[in-house]
1. Consider only pairs whose beta carbons are under 9 Å apart and that are at least six residues apart or on different chains; among these, list those whose first residue lies in the stretch 140-153 and is farther than 17 Å from LEU91 by Cα and whose second residue is assigned to a helix (DSSP H, G or I) and at pLDDT 55 or above.
2. Name the residues in the stretch 103-119 that are outside any strand (DSSP E or B) and either at pLDDT 95 or above or closer than 14 Å to LEU75 by Cβ (or both), would you?
3. Would you call ASP17 at pLDDT 90 or above and either open to solvent by 70 Å² or more (accessible area, probe 1.4 Å) or more than 26 Å from THR172 (Cα to Cα) (or both)?
4. Just need a number here: residues in the stretch 134-166 that are assigned to a strand (DSSP E or B), modelled with pLDDT under 95, farther than 22 Å from VAL73 by Cα and in contact with a strand residue (DSSP E or B) (Cβ under 7 Å, 6 or more places away or on another chain).
5. Return the only residue of GLY131, GLY169 being open to solvent by 20 Å² or more (accessible area, probe 1.4 Å) and assigned to a loop (DSSP other than H, G, I, E, B).
6. Quick one: is ALA80 farther than 22 Å from THR149 by Cβ, open to solvent by 20 Å² or more (accessible area, probe 1.4 Å) and not in a loop (DSSP other than H, G, I, E, B)?
Amino acid sequence: AMMLDAVAEDASEGSVDAALRVLETARERQRTVIRSLRELSFALEPWVLRDQGFVVALRALADEMERGHAVSVELDVEPAAELPPDDQVFLYQIVREAVQNAVKHAAPRSVSVKVSGDPAAGYELLVHDDGTGFAPTLPADGLPHHGMTAMRERAQILGGRLKIDSIPGAGTSVRVSLPAHDHADVA
């Protein structure tokens, strides 16, 4: 808004070149803000998750990780398509956090994501990477990390449990166990 005010002021004073420079800067900033908002919106809940389902949304996430970080992402997640839509959102967010953590902190060559189970028996999610691993009591960089807390909270919302196993030099496994679902809840 201040930049547009400056454009108006420059234009009223006859400084057309200055007004055009400020206007172009304002347009670029607007494009940057729009791009950031789209990325944030997608990070919260990608439209593809609601429109095309869990499997397609994870494939899009895997493709993004493979393109941007030179990591191979293997998916075997079809059973999760039977989960209620809201549960799929929370499970997607757990997977996204686990994969992003691996890529950001562990430099893996590959990450595998597997969902097994069914509504009657319950589900298990396993995200495993072949990265550097870490000592679970102390993050490698010594800074607090909220990703594990967020994953744990999302698993609890689903009525499940989160377990993280990591060995320095041998990768990390994030496992979420979800209870059986009442068939009336599955939609």
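1. These pairs meet every condition: ALA140/HIS105; ASP141/HIS105; HIS145/ASN101; HIS145/HIS105.
2. Step one: filter the stretch 103-119 for residues outside any strand (DSSP E or B), giving 103-109, 119.
Across the stretch 103-119, the qualifying residues are PRO108, ARG109.
3. For ASP17, the condition - at pLDDT 90 or above and either open to solvent by 70 Å² or more (accessible area, probe 1.4 Å) or more than 26 Å from THR172 (Cα to Cα) (or both) - is met.
4. The total comes to 0.
5. After ruling out the rest, the residue left standing is GLY169.
6. Values: farther than 22 Å from THR149 by Cβ: yes; open to solvent by 20 Å² or more (accessible area, probe 1.4 Å): no; not in a loop (DSSP other than H, G, I, E, B): yes.
The answer is no for ALA80.
The values are calculated or read from the model by the stated rules, or taken from the named source; none is laboratory data. Just so we're clear, the structure is a prediction, and the values are computed from it rather than from any experiment. Virtual Cβ from ideal backbone geometry, glycine too; neighbours counted across all protein chains shown. Calculation scope for accessible area: heavy atoms of the full protein, side chains included, ligands and nucleic acids excluded. Shrake-Rupley method; radii C 1.70, N 1.55, O 1.52, S 1.80 Å.
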